[in-house]
1. Before we move on, is ARG248 at pLDDT below 90, surrounded by fewer than 20 Cβ atoms within 10 Å (Cβ to Cβ) and not assigned by TED's automatic domain parsing to the domain that holds TYR119?
2. For the range 188-218, give me each residue that is without any contact (Cβ under 8 Å) to a residue 24 or more places away in the chain and not in a helix (DSSP H, G or I).
3. Given the range 64-131, what strands (runs of 3 or more DSSP E) lie entirely inside it while holding 1 or more residues that are under 19 Å from LEU205 (Cα atoms) and under 13 Å from the mean Cα position of the chain (by Cα)?
4. In the range 178-196, how many residues are surrounded by 13 or more Cβ atoms within 10 Å (Cβ to Cβ) and either among the charged types (D, E, K, R) or under 30 Å from LEU145 (Cα atoms) (or both)?
5. With ALA169, ALA150, ALA195 as the choices, which residue is touching a helix residue (DSSP H, G or I) at 6+ places or on another chain (Cβ under 8 Å) and of a type in the set (A, V, I, L, M)?
6. Could you count how many residues in the range 151-172 are outside any loop (DSSP other than H, G, I, E, B) and surrounded by fewer than 16 Cβ atoms within 10 Å (Cβ to Cβ)?
Amino acid sequence: MRSIDSPSNSATESNLRCCSINLPILLNFEEISASLGKWDSEIESSPDRPGRWSGSGPPSATAPTDDFSSIASVNPGIGFARIGGTTTVHLRGPATKASTLSCPRDAEYFGADFRLGAYLPLFSPARLSNLRDVVLPTLPDGRILLGGQAWEMPTPQNVDVFVDRLGKAGLLILDPLIEDLRYGDAARTMPERTAQSRFARAVGLSRRKLQVIERARHAARLLRAGTPIVDVGFRYWVSRSTAPDLTRSLRQLIGHTPAEVLRGGVFLDL
């Protein structure tokens with residue numbers, strides 16, 4: 001059995017609160033899981049320290065479930081859901097559209113998003129896209145079966161150690177050219193078809209689709225910060241700057257119209 005010890009240099013907080021971690025190769029601090037509950041959640045991160053995520057569902061019987069918009073995202077990851085005393089382990093991929101999800105009462109979540117270009121070869125990101133999660137099998141004692149080995153179930157405090165050990169075991173790998181391919185640098189040194197295939201294999205999306213999703217998420221962040229809709233359309237949707245196009249794109253990728261995001265009061269995992 002692979003045992004997991006909490007890292008000595010990580011802060012530990014109770015009630016599934018988030019802690020800072022230091023795995024810049026395999027974890028990404030900017031993208032928090034789309035299935036994070038909005039009712040009790042925190043993230044602590046900085047440009048040189050990625051962050052893991054956690055959250056919980058409605059705490060009382062007066063709110064048995066609540067719906068939220070799971071927005072388009074580009075990072076695969078691993079998530080753990082505790083519902084009714086049972087923990088399930090989900091491998092997830094990118095999402096090319098927004099979906100409405102429900103969070104059950106007293107549900108708890110934690111997990112980590114992988115850095116762009118990090119993935120499990122056994123489960124390609126494209127196969128996991130758009131909520132087609134793979135639920136990993138677990139043994140009666142709670143251990144997780146993955147790659148022919150039994151792994152101790154992590155906690156919110158040591159999920160970074162779990163991810164790190166997956167990397168050391170060769171189950172989680174990072175394609176070092178993805179960042180360059182993302183911005184077109186490496187594409188100059190290889191055939192375009194090869195570049196496209198390599199990017200799609202590691203990310204689960206085409207470069208064009210990734211750019212569209214990131215642009216929509218950035219537009220939503222600007223709107224949430226109070227930037228007028230016309231300014232967002234002019235600055236970030238120059239070739240498609242009409243209000244209907246921006247509205248249609250954000251509704252499809254974010255799950256809300258620009259006016260709804262600007263008005264506030266909606267949960268957005270940005």
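1. Values: at pLDDT below 90: yes; surrounded by fewer than 20 Cβ atoms within 10 Å (Cβ to Cβ): yes; not assigned by TED's automatic domain parsing to the domain that holds TYR119: yes.
Yes; evaluated as a whole, the condition is true for this residue.
2. If we filter the range 188-218 for residues that are without any contact (Cβ under 8 Å) to a residue 24 or more places away in the chain, which is where we start, we get 188-199, 206, 208, 211, 215, 218.
Scanning the range 188-218 gives MET190, PRO191, SER206.
3. In the range 64-131, 65-70, 77-83, 86-92, 108-113 are the strands (runs of 3 or more DSSP E) which contain 1 or more residues that are under 19 Å from LEU205 (Cα atoms) and under 13 Å from the mean Cα position of the chain (by Cα).
4. 4
5. ALA195
6. Summing the residues that are outside any loop (DSSP other than H, G, I, E, B) and surrounded by fewer than 16 Cβ atoms within 10 Å (Cβ to Cβ) in the range 151-172 gives 1.
The values are calculated or read from the model by the stated rules, or taken from the named source; none is laboratory data. Remember, predicted model here, so these are calculated numbers, not experimental data. Cβ atoms come from the backbone with ideal geometry, glycine included; neighbour counts cover every protein chain shown.
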